[in-house]
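In what follows, a single structure is set out as C-alpha cells and then discussed.
The values are calculated or read from the model by the stated rules, or taken from the named source; none is laboratory data. Keep in mind that what you see is a predicted model, and the values were worked out from it rather than measured. Using ideal geometry, Cβ is built from the backbone for each residue, glycine included, and neighbour counts are taken over all protein chains shown. Accessible surface is based on the protein model in full, side chains and every heavy atom, while ligands, DNA and RNA are left aside. Shrake-Rupley method; radii C 1.70, N 1.55, O 1.52, S 1.80 Å.
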Amino acid sequence: MNTSKAEIETLRLLGGRLCLDFANTMDPRLGNHPCDYLRDYSDLLQWSLHVGLLAKDEAEQLQENAAQRPVEAATTFEQAITLRETLYRIFSTLARNAFPEKSDLDNLKAMFVRATTHAQLIPATHGLQWDWTERAPALAQMLWPVVHSAIELLTSEEVKKVKECPGVGDCGWLFLDTSKNGSRQWCSMEGCGSRAKMRRQYARKRANSSQHIDSA
C-alpha cells in the first residue's frame, strides 16, 4: 500500500517513546494488509520531520544529499528498516514477558556503538547528557537518536511498562503504559479501544438474540 507525505504527517504518535513510535511506522503490525509508512529515504525524512528529529532546512539538505548519493541513501534506508524491525521484535517480545533473541540484541548493540561515535556530551540540568545536534549532514543522522532512545528504555525500569496493543487481532502497536494503575490496554481508546468495545457489544447482542430464539 502506498503512502504519501500527508499520511506520514497524520501518523499517530502513541508509543510514548521515540523508539516505539519508530517501530509503529507499520500499521497494523498484526493482521492482514499492513500499511508501511516508510517506503524510501524520502519517507524516512518526512517521518523525521513529523517527530521533530529534523528541522525543515535539515531535511531539505539531506534530500539534496540523498539525490547526489543514491546508493548511500538506499543503504541508509535499508539500515532504517533493519533497525525498525529489530526494535519491534525486541519490544514486542518483552511485552509478552519473554526474552528477546540474542541476535537482535547484538544487532542493536552494534547500532548503538556506531551511533555513539557521532554523539557528544553536553551540560544539562542534572549533569551531562548525550546530544547529536552538532553533526555533519550524514544521511543516517536521524537514526542515532532512535537507537539511543531504545537503549535508554531497555536499560530503565520503564521497560516493564511496554505493552503491545491487541486491537481486535489487527494492531500490534507498541506503547508505554504510564497510567497510574498500569491498566492501559490499547494504543488509543479512540481507535482500537472503541473498536474492541463495539465488537463486544455486537457479540452480546448476538448472544442475546440467540437466547431469545432458543427460548421461543
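Couple of notes before you dig in:
- Residues that are open to solvent by 10 Å² or more (accessible area, probe 1.4 Å) and out of contact with any strand residue (DSSP E or B) (no Cβ under 7 Å at 6 or more places or on another chain) within segment 149-166 comprise S149, I151, E152, L154, T155, S156, E157, V159, K160, P166, listed in sequence order.
- Here E58, E72, E64 are screened, and the one residue that is part of a helix (DSSP H, G or I), modelled with pLDDT under 95, out of contact with any His (no Cβ under 7 Å at 6 or more places or on another chain) and not hydrophobic (A, V, I, L, M, F, W, C) is E58.
- Odd one out for L83, checked against (1) under 15 Å from the mean Cα position of the chain (by Cα); (2) over 26 Å from A110 (Cα atoms): (2)
This table checks each residue for (1) without any contact (Cβ under 8 Å) to a residue 60 or more places away in the chain; (2) crowded, with 21+ Cβ neighbours inside 10 Å; (3) assigned to a loop (DSSP other than H, G, I, E, B).
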{"position": "W144", "(1), (2), (3)": "yes, yes, no"}
{"position": "V147", "(1), (2), (3)": "no, yes, no"}
{"position": "V168", "(1), (2), (3)": "yes, no, yes"}
{"position": "G172", "(1), (2), (3)": "no, yes, yes"}
{"position": "T178", "(1), (2), (3)": "no, no, yes"}
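- Pairs linking a residue in segment 105-122 that is under 18 Å from L139 (Cβ atoms) to a residue that is open to solvent by less than 70 Å² (accessible area, probe 1.4 Å) and acidic (D, E), with Cβ atoms under 7 Å and 6 or more positions apart or on different chains, are A119/D131.
- Cβ-Cβ under 6 Å pairs, at least 6 apart or on other chains, segment 23-41 side touching a residue at least 24 places away in the same chain (Cβ under 8 Å), far side among the basic types (K, R) and open to solvent by less than 20 Å² (accessible area, probe 1.4 Å): A23/R84
- Being of a type in the set (G, A, S) and either in contact (Cβ under 8 Å) with a residue 12 or more places away in the chain or over 23 Å from T133 (Cβ atoms) (or both) holds for only one residue in A98, A55, and it is A98.
A quick yes/no check of all residues on (1) touching a helix residue (DSSP H, G or I) at 6+ places or on another chain (Cβ under 9 Å); (2) among the charged types (D, E, K, R); (3) not in a loop (DSSP other than H, G, I, E, B):
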site	(1), (2), (3)
L11	yes, no, no
R29	yes, yes, no
Q46	yes, no, yes
T76	yes, no, yes
R84	yes, yes, yes
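- All conditions in (1) under 21 Å from the mean Cα position of the chain (by Cα); (2) outside any helix (DSSP H, G or I) hold for L94, with the sole exception of (2).
- Considering residues of segment 62-104 that are surrounded by 14 or more Cβ atoms within 10 Å (Cβ to Cβ) and of a type in the set (D, E) only, the residue nearest to D36 (Cα to Cα): E85
- Members of segment 31-44 that are out of contact with any strand residue (DSSP E or B) (no Cβ under 6 Å at 6 or more places or on another chain), surrounded by fewer than 22 Cβ atoms within 10 Å (Cβ to Cβ) and outside any loop (DSSP other than H, G, I, E, B): S42, D43
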